[in-house]
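Student: Here you go, one structure.
The values are calculated or read from the model by the stated rules, or taken from the named source; none is laboratory data. These numbers come from a predicted model, not from an experiment. With ideal geometry, Cβ positions are generated from the backbone for all residues, glycine too; neighbour counts draw on all protein chains shown. Quick note on the areas: whole protein, heavy atoms, side chains included, nothing else; ligands and nucleic acids left out. Shrake-Rupley method; radii C 1.70, N 1.55, O 1.52, S 1.80 Å.
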Amino acid sequence: MPARLRTRLWLACLLVAGPAMAAERLPFPADVLNPPWVEGRQLEQTLDADSLAVAHDLQFRDQQPQSGINFRHQVVEDAGRAYKAVHYDHGNAVVAADVDGDGLPDLYFATQLGGNALYRNLGNGRFEDITARAGVAVADRVSVAAAFADTDNDGDPDLFVTTVNQGNLLFRNDGDGKFTNISGPAGLDHRGHASGAIFLDYDRDGLLDLFVTHVGVYTTDKIGPGGYRIGLSDGFSGQLHPDRFETSRLYHNLGGNRFADVTRSAGIEDNSWSGDAHAADLNGDGWPDIYLLNMQGHDQYFENQAGKGFKRRSRELFPVTPWGSMGIRIADFDNDGDPDIFVTDMHTDMVEELPPAREKERMPHNYPQAFLATDGRHMLGNAFFRNAGNGTFRDISAENGAETFWPWGLSSGDLNADGFEDVFITGSMNYPFRYGVNSLLLNDAGKRFVDAEYLLGVEPRRDGKTATPWFELDCSGPDRTHELCKNRAGAVEVWGALGSRSSVILDLDGDGDLDIVTNEFGSVPQVLVSDLAQRRPRLNYLAVRLEGKKSNRDGLGARVQLETDRGRYVRFADGKSGYLGFSSMPLYFGLAADEKAVRLEITWPSGVRQSLDAPIDTRKTHRIVEAGG
Amino acid sequence: MRRGKIRRRLPVTGMAIALLLSACSEPVTEIQISGHDYRWRMPTRTGDVSLYRQTGSEQAELWLPANRRIRLVLNSDDFIYRFEIPALGVREMAVPGVPMMAELHTPDAGRYELTGDGMELKGDQMCGFRHQSLKGRVRIAAPAEYRAWLEAQGRLTAGTGSATGRGS
């Protein structure tokens, strides 16, 4: 048969058979493409807007298509066609740091399959992919968390990445946009079910130490497509199986990018099913303590013993915690000068599915006691521990609007520049669940949080999307026994709900207001750019970038206090930027109507106290170098 | 005054103890329930009893004897399941390798059969992936009727082999 005729026949076949071969679109659950409650929720927030006292004169717009960020998070099959309830659905980090020293924050996205991605900030909200030349793709492993910090005090951020039982990684920043994998020599290549990673200088020797949380064994030895270890079918009962426990690990920085595991000697051995942790000086003694989350049990609190180790004081100070803690942010939310604790609880929200209209309610009951495997003293949702200032904390989450549904983790930042830290909480469970929103909680003068995701353009998502193609099935072929192929034939394209996991709040376009970037689960990021600076041409803010000398170079552990004629604001340099994320970024102070700052006071982790007095320029980033270095 | 109070309390305390002793001495009927591939089954000495009609019903039907102290022993062969009978105050989990127990006292038989209504059996895989086949009804039967049902299930099991198979 002549080639021309063959081509024509092929084209004719395609024309005839093409429509018949088109995959059936199967939304799962059925209303995931068009949830009936979205419109009502939007209307509710919009109608309430006029009565709000908290500033809300800003809008976010998802600029991902224009940003140059084309990264797409890819999930393992356990979260797709072979779905099972296992910890893979916890997703991955997005983190920020100025990796090339040009003064602009760059972004790093982690994924389960397909390779992580590093994007260089070109300015004006544009980014370019520099993953290949930076050498940080980690495409052969299933990543989880990421952390930027200057581990060798050479002035540039290094990168630590955790993986699912494939060995963690430390990349040294060589200062020219390239990174070198030094995991083995650094002593940080431990294999386990690692999750969140935070840097802190627990002994205040000027070198950043590392704390890595471990979930516990939730995988088998079987390898699935893409090289991931297939998850256990009963992963969420791990708290009942001591043989699956893994200890979170504290690594002491010995200098020269060498670390030693000091978990046992420092008295911080703990087998919680921990996905993340946060360091903060919670008792005000000048030493960073650690609040460790437990996603299947009680949270733990380890009090720093003047750098010599840690003492567990969990139940003493926090007798009631969530059972399913997932994300944490510690900040001075009420501007009284001390750190408060906001914990998001995902797993309690899995007890049963609350209908959308009841999402702000607590779960009516918990799991059976035998399954909890604790003393049963848990709040049934997010916790907000207000620091009473006398070394004690009181949960006020039932009063201040901190509850959200299906939350992963949170980021905080003064999004409306009124002087109070607002909160962005990632949410939604993706396939096979209904759509869940990301929450934006505006901080109303430290008294309560106001739901504003629909009011400020975070929801609905761009083009009103709530779902995305999740996987395909051949119901006439190898997938005919799949549950979703029942009574179906041919190609089926299953659509699942969209959902975010990690987030970072930063001024990505340098205009003075704070923007939000997410890492989605199985989709492209959201690049939510704020228009606050455009709406308020004389936006009052000030940012501070610390440079330690005697202290660690990032100044982690520093307390920075800014005074204006009308207020006093405190920010803590702790690096925690979102769920599974740890970033290196300036501290941001919104100043409301105050055009002038009268005093800036820094208490460095070395103990050095340093201050700047008026005139202090606002609307700029101040680089503060530790005195006496 | 104090003595009088004690006198008044004594009969109540005595009744409570008597009730407690009675409850403790009441024989317990232990029933195994196990989750397997998104379905419930009852492992017995003679074989697995399916909670699904042999005609392939997707709704489970759990039979329980009336007026009995029942101990449900819950297990799972694979996933983590929720097992609930809200009307009887049962809320438990079925977890592989870790038996969970729930005790209840069943009400009169026929009370529900008269209306043709049973009690709701709720169940799903933890984390909310709902499977219709994990839901169903609880039927409270008179002891003789319960025994007959159980024997019939046993005969079916003996005749047809395992009753747990499921094509999903």
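Student: A:VAL142 versus (1) in contact with a Leu (Cβ under 9 Å, 6 or more places away or on another chain); (2) open to solvent by 30 Å² or more (accessible area, probe 1.4 Å); (3) β-branched (Val, Ile, Thr): which is the lone unmet condition?
Tutor: Just one mismatch for A:VAL142, condition (2).
Student: Looking for whichever is in a loop (DSSP other than H, G, I, E, B) and either modelled with pLDDT under 95 or away from every other protein chain (no Cβ under 14 Å) (or both) here; the options are A:LEU254, A:LEU282, A:LEU250. Which one fits?
Tutor: Details: A:LEU254 fails: in a loop (DSSP other than H, G, I, E, B); A:LEU250 fails: in a loop (DSSP other than H, G, I, E, B).
Unique residue meeting the criteria: A:LEU282.
Student: Among the numbered criteria (1) more than 23 Å from A:ARG61 (Cα to Cα); (2) not in a loop (DSSP other than H, G, I, E, B), which single criterion is violated by A:GLY555?
Tutor: (2)
Student: Which of the following residues is open to solvent by less than 10 Å² (accessible area, probe 1.4 Å) and within 23 Å of A:LEU207 (Cβ to Cβ): A:LEU250, A:LEU254, A:LEU293?
Tutor: Values: A:LEU254 fails: open to solvent by less than 10 Å² (accessible area, probe 1.4 Å); A:LEU293 fails: within 23 Å of A:LEU207 (Cβ to Cβ).
Result: A:LEU250 is the single residue among A:LEU250, A:LEU254, A:LEU293 that is open to solvent by less than 10 Å² (accessible area, probe 1.4 Å) and within 23 Å of A:LEU207 (Cβ to Cβ).
Student: Let me ask something else. Checking A:GLY101 against (1) surrounded by 24 or more Cβ atoms within 10 Å (Cβ to Cβ); (2) away from chain B (no Cβ under 14 Å), only one condition comes out false. Which one?
Tutor: Here A:GLY101 meets the rest and fails (1).
Yes/no per residue for (1) in contact with a strand residue (DSSP E or B) (Cβ under 7 Å, 6 or more places away or on another chain); (2) of a type outside the set (Asp, Glu); (3) closer than 26 Å to A:PRO469 by Cβ:
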site: A:LYS84; (1), (2), (3): yes, yes, yes
site: A:VAL94; (1), (2), (3): yes, yes, yes
site: A:ASP100; (1), (2), (3): yes, no, no
site: A:ASP106; (1), (2), (3): yes, no, no
site: A:GLY115; (1), (2), (3): no, yes, yes
site: A:ARG120; (1), (2), (3): yes, yes, no
site: A:ALA145; (1), (2), (3): yes, yes, no
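Student: Would you please name the residue that is farthest from A:ASP209 (Cα to Cα), looking only at residues in segment A:552-567 that are small (Gly, Ala, Ser) and touching a Gly at 6+ places or on another chain (Cβ under 6 Å)?
Tutor: At the first step, the residues of segment A:552-567 found to be small (Gly, Ala, Ser) are A:555, A:557-558, A:567.
The next check asks that each one be touching a Gly at 6+ places or on another chain (Cβ under 6 Å); those that pass are A:555, A:567.
Numbers: A:GLY555: 13, A:GLY567: 34 Å.
Filtering segment A:552-567 for residues that are small (Gly, Ala, Ser) and touching a Gly at 6+ places or on another chain (Cβ under 6 Å), the one farthest from A:ASP209 (Cα to Cα) comes out as A:GLY567.
Student: Taking the condition of being of a type in the set (Asp, Glu) and within 14 Å of chain B (Cβ to nearest Cβ), how many residues in segment A:46-86 meet it? Spell out the reasoning first.
Tutor: Looking only at segment A:46-86, we keep the residues that are of a type in the set (Asp, Glu), and these are A:48, A:50, A:57, A:62, A:77-78.
Then drop every residue that is not within 14 Å of chain B (Cβ to nearest Cβ), which leaves A:78.
Number satisfying all stated conditions: 1.
Student: Do we find a residue being touching an Asp or Glu at 6+ places or on another chain (Cβ under 6 Å) and among the small types (Gly, Ala, Ser) anywhere in segment A:264-278?
Tutor: No, there is no match, as no residue in segment A:264-278 is touching an Asp or Glu at 6+ places or on another chain (Cβ under 6 Å) and among the small types (Gly, Ala, Ser).
Student: Specify the residue that is nearest to B:GLU103 (Cα to Cα); the eligible residues are those in segment A:336-358 that are buried (at least 18 other Cβ atoms within 10 Å of the Cβ) and more than 14 Å from chain B (Cβ to nearest Cβ).
Tutor: Taking the candidates together, the pick is A:ASP345.
Student: While we're on this one: Would you check if A:ASP243 is surrounded by fewer than 24 Cβ atoms within 10 Å (Cβ to Cβ), over 25 Å from the mean Cα position of the chain (by Cα) and among the acidic types (Asp, Glu)? Walk me through how you get there before you give the answer.
Tutor: Values: surrounded by fewer than 24 Cβ atoms within 10 Å (Cβ to Cβ): yes; over 25 Å from the mean Cα position of the chain (by Cα): yes; among the acidic types (Asp, Glu): yes.
Against the criterion (surrounded by fewer than 24 Cβ atoms within 10 Å (Cβ to Cβ), over 25 Å from the mean Cα position of the chain (by Cα) and among the acidic types (Asp, Glu)), A:ASP243 qualifies.
Student: Further question on the same structure: Can you tell me which of A:LEU473, A:LEU455 is open to solvent by 10 Å² or more (accessible area, probe 1.4 Å) and closer than 26 Å to A:GLU353 by Cβ? Spell out the reasoning first.
Tutor: Values: A:LEU473 fails: open to solvent by 10 Å² or more (accessible area, probe 1.4 Å).
After ruling out the rest, the residue left standing is A:LEU455.
Student: Just to check your reading of the model, which residue among A:GLY297, A:GLY307, A:GLY324 is over 23 Å from the mean Cα position of the chain (by Cα) and either among the basic types (Lys, Arg) or modelled with pLDDT of 95 or more (or both)? Give the steps one after another, and end with the answer.
Tutor: Working: A:GLY297 fails: over 23 Å from the mean Cα position of the chain (by Cα); A:GLY324 fails: over 23 Å from the mean Cα position of the chain (by Cα).
That would be A:GLY307, the only listed residue that is over 23 Å from the mean Cα position of the chain (by Cα) and either among the basic types (Lys, Arg) or modelled with pLDDT of 95 or more (or both).
Student: Residues that are more than 14 Å from chain B (Cβ to nearest Cβ), over 21 Å from A:PRO356 (Cα atoms), more than 21 Å from the chain's Cα centre (by Cα) and not hydrophobic (A, V, I, L, M, F, W, C): does segment A:396-417 have at least one?
Tutor: Checking segment A:396-417: not a single residue is more than 14 Å from chain B (Cβ to nearest Cβ), over 21 Å from A:PRO356 (Cα atoms), more than 21 Å from the chain's Cα centre (by Cα) and not hydrophobic (A, V, I, L, M, F, W, C).
Student: In segment A:121-129, is there at least one residue being crowded, with 16+ Cβ neighbours inside 10 Å, within 14 Å of chain B (Cβ to nearest Cβ), of a type in the set (Phe, Trp, Tyr) and touching a residue at least 60 places away in the same chain (Cβ under 8 Å)?
Tutor: Kept after step one, since they are crowded, with 16+ Cβ neighbours inside 10 Å, are these residues of segment A:121-129: A:121, A:125-127.
In the following step, the residues that additionally are within 14 Å of chain B (Cβ to nearest Cβ) were identified as none.
So far as segment A:121-129 goes, no, none of its residues is crowded, with 16+ Cβ neighbours inside 10 Å, within 14 Å of chain B (Cβ to nearest Cβ), of a type in the set (Phe, Trp, Tyr) and touching a residue at least 60 places away in the same chain (Cβ under 8 Å).
Student: Mind checking which residues of segment A:186-218 are touching an Asp or Glu at 6+ places or on another chain (Cβ under 8 Å), outside any strand (DSSP E or B) and away from every other protein chain (no Cβ under 14 Å)?
Tutor: Of everything in segment A:186-218, those that are touching an Asp or Glu at 6+ places or on another chain (Cβ under 8 Å), outside any strand (DSSP E or B) and away from every other protein chain (no Cβ under 14 Å) turn out to be A:GLY187, A:HIS190, A:GLY192, A:ASP201, A:TYR202, A:ASP203, A:LEU207, A:LEU208, A:VAL215, A:GLY216.
Student: Mind listing whichever residues of segment A:297-326 are touching a Gly at 6+ places or on another chain (Cβ under 7 Å) and open to solvent by 10 Å² or more (accessible area, probe 1.4 Å)?
Tutor: Within segment A:297-326, A:PHE310, A:LYS311 qualify.
Student: Given the residues A:ASP221, A:ASP276, A:ASP261, which is the only one that is open to solvent by less than 10 Å² (accessible area, probe 1.4 Å) and either touching a Lys or Arg at 6+ places or on another chain (Cβ under 8 Å) or more than 14 Å from chain B (Cβ to nearest Cβ) (or both)?
Tutor: Working: A:ASP221 fails: open to solvent by less than 10 Å² (accessible area, probe 1.4 Å); A:ASP261 fails: open to solvent by less than 10 Å² (accessible area, probe 1.4 Å).
Just one listed residue meets the conditions, A:ASP276.
Student: For the structure I just gave you, tell me whether A:GLY231 is modelled with pLDDT of 95 or more and within 14 Å of chain B (Cβ to nearest Cβ).
Tutor: On the way: modelled with pLDDT of 95 or more: yes; within 14 Å of chain B (Cβ to nearest Cβ): yes.
Taking the combined requirement at face value, the residue satisfies it.
Student: Does A:ILE505 count as open to solvent by 10 Å² or more (accessible area, probe 1.4 Å) and touching a Ser or Thr at 6+ places or on another chain (Cβ under 8 Å)?
Tutor: Values: open to solvent by 10 Å² or more (accessible area, probe 1.4 Å): yes; touching a Ser or Thr at 6+ places or on another chain (Cβ under 8 Å): yes.
It is true that A:ILE505 is open to solvent by 10 Å² or more (accessible area, probe 1.4 Å) and touching a Ser or Thr at 6+ places or on another chain (Cβ under 8 Å).
Student: Let me ask something else about it. Across segment A:434-459, which residue is farthest from the other protein chains (Cβ to nearest Cβ) among those that are of a type in the set (Gly, Ala, Ser) and in contact with a Gly (Cβ under 9 Å, 6 or more places away or on another chain)?
Tutor: A:ALA445
Student: Next question, about the same structure. Since A:PHE420 meets every condition but one in (1) of a type in the set (Phe, Trp, Tyr); (2) under 20 Å from A:LEU455 (Cα atoms); (3) within 14 Å of chain B (Cβ to nearest Cβ), which condition does it not meet?
Tutor: (3)
Student: Go through A:ARG377, A:ARG362 for me and flag whichever is more than 14 Å from chain B (Cβ to nearest Cβ), over 25 Å from the mean Cα position of the chain (by Cα) and either crowded, with 17+ Cβ neighbours inside 10 Å or on the phi < 0 side of the Ramachandran plot (or both).
Tutor: Numbers: A:ARG362 fails: over 25 Å from the mean Cα position of the chain (by Cα).
Just one listed residue meets the conditions, A:ARG377.
Matching residues to (1) open to solvent by 30 Å² or more (accessible area, probe 1.4 Å); (2) modelled with pLDDT of 95 or more; (3) basic (Lys, Arg):
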{"position": "A:ARG41", "(1), (2), (3)": "yes, no, yes"}
{"position": "A:THR46", "(1), (2), (3)": "yes, no, no"}
{"position": "A:ASP57", "(1), (2), (3)": "yes, yes, no"}
{"position": "A:ARG61", "(1), (2), (3)": "yes, yes, yes"}
{"position": "A:ARG72", "(1), (2), (3)": "yes, yes, yes"}
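Student: Kindly establish whether A:TYR431 is in contact (Cβ under 8 Å) with a residue 60 or more places away in the chain, surrounded by 22 or more Cβ atoms within 10 Å (Cβ to Cβ), touching a Leu at 6+ places or on another chain (Cβ under 7 Å) and within 14 Å of chain B (Cβ to nearest Cβ). Can you show your working first?
Tutor: Numbers: in contact (Cβ under 8 Å) with a residue 60 or more places away in the chain: yes; surrounded by 22 or more Cβ atoms within 10 Å (Cβ to Cβ): yes; touching a Leu at 6+ places or on another chain (Cβ under 7 Å): no; within 14 Å of chain B (Cβ to nearest Cβ): yes.
For A:TYR431, the condition - in contact (Cβ under 8 Å) with a residue 60 or more places away in the chain, surrounded by 22 or more Cβ atoms within 10 Å (Cβ to Cβ), touching a Leu at 6+ places or on another chain (Cβ under 7 Å) and within 14 Å of chain B (Cβ to nearest Cβ) - is not met.
Student: Could you tell me whether segment A:561-578 includes any residue that is among the β-branched types (Val, Ile, Thr) and open to solvent by less than 30 Å² (accessible area, probe 1.4 Å)?
Tutor: Of the residues in segment A:561-578, the ones among the β-branched types (Val, Ile, Thr) are A:564, A:570.
Right, trim to open to solvent by less than 30 Å² (accessible area, probe 1.4 Å) and you get A:564, A:570.
Yes, because at least one residue in segment A:561-578 is among the β-branched types (Val, Ile, Thr) and open to solvent by less than 30 Å² (accessible area, probe 1.4 Å).
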